[in-house]
1. Among the strands (runs of 3 or more DSSP E) contained in the range B:144-249, which hold 1 or more residues that are under 22 Å from the mean Cα position of the chain (by Cα)?
2. Quick check on my filter: what residues within the range B:236-246 are of a type in the set (A, V, I, L, M) and in contact with a strand residue (DSSP E or B) (Cβ under 8 Å, 6 or more places away or on another chain)?
3. Six or more apart or on different chains, Cβ atoms under 9 Å: show the pairs whose first residue is in the range B:126-154 and under 20 Å from B:Asp349 (Cβ atoms) and whose second is open to solvent by 50 Å² or more (accessible area, probe 1.4 Å) and among the β-branched types (Val, Ile, Thr).
4. Within the range B:153-160, can one find any residue that is more than 16 Å from ligand 3 (Cβ to nearest atom), surrounded by fewer than 16 Cβ atoms within 10 Å (Cβ to Cβ) and under 30 Å from B:Gly362 (Cα atoms)?
5. Does A:Trp211 fit the bill of being within 16 Å of ligand 2 (Cβ to nearest atom) and either at pLDDT 95 or above or more than 30 Å from B:Pro378 (Cβ to Cβ) (or both)?
6. With B:Phe53, B:Phe94, B:Phe59 as the choices, which residue is in the same structural domain as B:Val121 (by TED's automatic domain parsing), open to solvent by 30 Å² or more (accessible area, probe 1.4 Å), among the aromatic types (Phe, Trp, Tyr) and out of contact with any Cys (no Cβ under 7 Å at 6 or more places or on another chain)?
7. So, in the range B:325-365, exactly how many residues are out of contact with any Gly (no Cβ under 9 Å at 6 or more places or on another chain) and either without any contact (Cβ under 8 Å) to a residue 60 or more places away in the chain or within 16 Å of ligand 3 (Cβ to nearest atom) (or both)?
8. Take the range B:24-36 and flag every residue that is closer than 14 Å to B:Gln124 by Cβ and at pLDDT below 95.
Amino acid sequence: MSTIRFVTPDGLSAFLDFLAQNGRRVLVPVEKPAVKRSVVFEPWSAGRPFTLEKATVPAKAAVLPQCETLLSYKKTKNADDPAAVTLTLDDAPEAVPTVVFACRPCDARGYAVLDRPFLQGPYVDPYYRARRELLTVITLSCARGCDTCFCHWTGGGPSSPEGSDILMTEIDDGYVLQSITPKGEELLAAAGLADGTERFPAAENARKKAWASLAPAPNLKMAPASIAACFTDMDFWQHWTERCLSCGACTFFCPTCYCFTITDEGEGMSPSGGRRLRSWDTCMSPLFTREASGHNPRMVKAQRMRNRVSHKYATFPENWGAFSCSGCGRCIGNCPVGLDIREIVLAAVQRGAESMHEKQEQ
Amino acid sequence: MSVLDGKELRIVGFLCNWCSYGGADTAGVARATQPTDLRIIRVPCSGRVDPLFIIKALFNGADGVLVSGCHPRDCHYSSGNFYARRRLEVLKQFLPVLGIDDRRFAYTWVSASEGQRWQHVVTQFTKQIHDLGPAPRLEDAEPLLKVADMALTALRPLGTGQHAALDALKAAIRAKLPELECIIGWQQGRDAAHTVPLFMRTPEDVDKLVWGPFNVCNPAVYLPSFKGKKVGVVVKGCDSRSVVELLQENLIAREDVTVFSLPCEGTLDMARVDQELGRYTTIDNVAYDAAHVIITADGVAHSFCMADCAQGKCYGCATPSAVLADERLGTPVEVTPSDVTPPELALLDAMTLKERLSFWHGQMQRCLRCYACRNACPMCVCRDYCISDSRDPHWMTQEASAKEKLFFQTIHALHLAGRCTGCGECQRACPVGIPILALRQQIARAVAQLFDGYKPGLHPEDVPPLLGYEVVEQNIHERDWK
Ligand code: SF4
Ligand code: SF4
Ligand code: SF4
Ligand code: SF4
Ligand code: SF4
């Protein structure tokens with residue numbers, strides 16, 4: 001049985017104070033005022049205003065920072081023997097115990113997607129692992145869907161617990177918190193919050209209502225095969241990619257995209273030493289695949305879009321049994337030209353169904 | 001020992017090989033006493049000095065930067081310093097919008113024989129930097145978030161464009177279809193309250209064309225990618241200026257492009273519309289009257305008055321009708337231009353230098369370096385070869401600091417100097433709403449002041465001011481070193 005607690009809206013600050021104990025970094029959604037307002041995750045400190053809105057930028061950086069130092073090194077000359085240098089190297093992951101507070105189920109499912117290549121493959125990424133092991137995810141279930149998001153197409157939903165340690169649901173007078181994992185349970189048990197068992201049915205009701213707000217999801221079972229079947233049909237990809245500007249917004253705002261590049265800065269002898277950096281990269285950029293010779297296997301944007309869609313809806317599912325898209329809709333809402341991945345996936349599925357049909361008729 | 005009391009500051013000097021470096025040498029040989037704060041970098045010509053060298057120095061710890069070249073008319077390469085003069089003056093007027101005191105940067109002319117003048121310049125400039133003290137650093141500035149005031153008055157009444165001659169436009173496009181590879185316009189996007197670019201190739205595609213306040217994207221951004229092909233484009237007035245600027249720079253050929261236009265009554269600031277709509281699942285209806293758009297989402301009606309919710313650029317728009325068109329539908333609208341300060345720039349104008357530094361620190365922190373701003377810009381034509389991504393030359397690192405991110409914005413702004421038409425696509429594209437347009441607007445204002453009111457993208461035959469020079473510049477004056 002999971003641990004169920006209840007907190008009133010007024011009690012949230014005290015709960016955050018508790019979460020921030022023992023040196024934990026608590027990432028909360030913070031509103032950035034501007035003519036175009038945005039919401040980003042930032043470390044909480046007592047008294048700091050926060051919001052419970054869905055963030056513009058998912059909290060992916062908690063496990064995969066925009067840029068991190070993989071290793072730093074320094075060379076120092078030996079005073080007695082100028083020819084000899086001493087090399088010191090630090091490759092310890094930069095990881096601090098972190099709580100992500102009030103991300104949405106699609107964000108939390110993002111961690112579940114990232115875990116597969118980074119933790120479950122033949123090579124475990126030590127930097128990712130260090131952060132992930134120290135991460136606790138408290139997810140706020142969504143009260144309703146929206147025009148751009150489609151979590152339930154991808155195996156999730158507005159109250160999906162996947163990737164979360166604690167699931168929080170808004171009810172009339174506050175929030176019901178339900179532990180999902182032992183880690184979440186331990187944290188909740190220590191939080192000193194009121195018992196929420198009595199209110200749990202109200203939370204379940206709210207979750208049902210959220211589900212009811214979603215339009216029925218199409219069946220994407222055939223998506224991997226259909227998209228794979230479209231692979232060589234460049235007209236198809238060209239058609240759907242025409243308006244793409246080849247920026248990186250769709251991938252950089254995605255909770256499941258994890259491609260990175262590695263660059264070196266500085267040098268051992270310089271005062272600040274040398275650093276090896278890992279930073280986000282995007283398959284939508286032509287540079288992503290440009291080789292040292294100048295040859296580029298993904299020269300045109302249609303090939304790059306094909307990669308992005310295939311990776312999420314065909315090859316990742318083939319390798320890991322799940323889509324690497326949690327349906328958060330950020331790539332749609334944040335694309336400067338409103339490119340809609342749903343349209344492409346549906347078009348591919350339909351094309352797949354048609355060709356299947358044709359084959360049967362032959 | 002420094003001739004000035006106190007601690008040395010970091011001053012970087014870019015000196016041309018032929019004159020100023022020689023001048024410094026002459027001063028040295030003559031054993032003229034000089035302050036020692038200046039670190040000299042020898043360059044072949046002042047024309048070699050990319051304004052970004054100066055920004056990069058100032059962002060990374062320099063307290064002052066001095067550029068010195070041959071006197072005008074005396075350039076070893078004839079005209080390098082003429083080009084430099086324009087660029088460096090624009091840079092000088094740009095620095096304050098970043099929160100950098102423009103007195104931290106100076107450019108001047110010193111010949112190889114002017115050892116004494118060199119001594120004087122260095123002493124004066126060093127003293128000036130010492131008076132200013134160590135430069136404040138972006139990363140130390142307390143982040144500050146302020147919002148532009150969007151309560152603006154338009155130069156003319158804005159409307160919803162529902163009486164535009166859309167059918168006539170479609171007929172004109174259909175007639176041209178056979179001759180053109182495609183015609184770029186707008187179609188409905190994910191719902192009736194959003195549009196996306198449309199590429200018309202068949203008569204059925206033309207049926208999808210829409211016209212109205214949701215047509216926010218600038219279709220000119222796609223034109224260079226069709227280079228060498230016959231292509232059509234439907235434009236609003238502002239978009240037409242991008243087309244003209246592309247023509248000015250020979251980035252597209254006049255004979256390849258057919259421009260279709262309708263007079264524009266304004267477009268919506270979709271950020272504010274989306275914010276007002278909030279989370280919705282369905283758009284039930286979009287209705288219009290002359291001045292309002294009424295969007296019904298999940299059963300709730302939201303009314304948007306064009307006078308209140310237009311894009312910032314629309315309020316000061318003096319070119320609602322295309323400045324260049326092959327097929328002009330509807331009756332052109334004349335608007336008397338007026339110097340309105342755009343809202344983003346007005347916000348920065350009202351701040352102190354210190355506040356501006358804080359502002360950019362606060363704003364750039366949330367930039368993800370997604371480069372939607374760059375790629376949405378119709379004038380950013382390097383596309384796949386942007387120096388922001390290049391390792392050699394190594395302008396930028398991948399570090400996620402506000403400084404690196406702001407440095408990219410200065411790259412974009414300076415590369416757009418005298419070219420940016422103010423279409424605002426960079427800012428509209430930014431998913432996290434960073435008011436980056438202000439940087440471009442400041443440069444545009446400086447360019448207009450320096451070059452007789454020059455505005456990019458009005459006349460195809462105009463030479464962009466930073467691609468040319470006058471031997472005697474009317475509005476740029478030699479600094480007095482007294
Ligand atoms: S955000 Fe849109 S325009 Fe940018 S790369 Fe992605 S799909 Fe293309
Ligand atoms: S691909 Fe798009 S919808 Fe899917 S998880 Fe990424 S940003 Fe969200
Ligand atoms: S996709 Fe939408 S409804 Fe689903 S979890 Fe994310 S925000 Fe909530
Ligand atoms: S700037 Fe002018 S032409 Fe452009 S959308 Fe606004 S009103 Fe229309
Ligand atoms: S669009 Fe915005 S977030 Fe993206 S790189 Fe430009 S300023 Fe940064």
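1. Here the list reads B:231-235.
2. The answer is B:Val243, and nothing else.
3. B:Leu152/B:Val340; B:Thr153/B:Val340
4. Looking through the range B:153-160, at least one residue is more than 16 Å from ligand 3 (Cβ to nearest atom), surrounded by fewer than 16 Cβ atoms within 10 Å (Cβ to Cβ) and under 30 Å from B:Gly362 (Cα atoms).
5. Criteria not met by A:Trp211.
6. Result of the check over B:Phe53, B:Phe94, B:Phe59: B:Phe53.
7. 3
8. Hits for the range B:24-36 are B:Ala32, B:Thr33, B:Gln34, B:Pro35.
The values are calculated or read from the model by the stated rules, or taken from the named source; none is laboratory data. Values in this document were obtained by computation on a predicted structure and should not be read as measured data. Note that each Cβ is placed from the backbone with ideal geometry, even for glycine, and that neighbours are counted across all protein chains shown. For accessibility, only protein heavy atoms count, side chains too; no ligands or nucleic acids. Shrake-Rupley method; radii C 1.70, N 1.55, O 1.52, S 1.80 Å.
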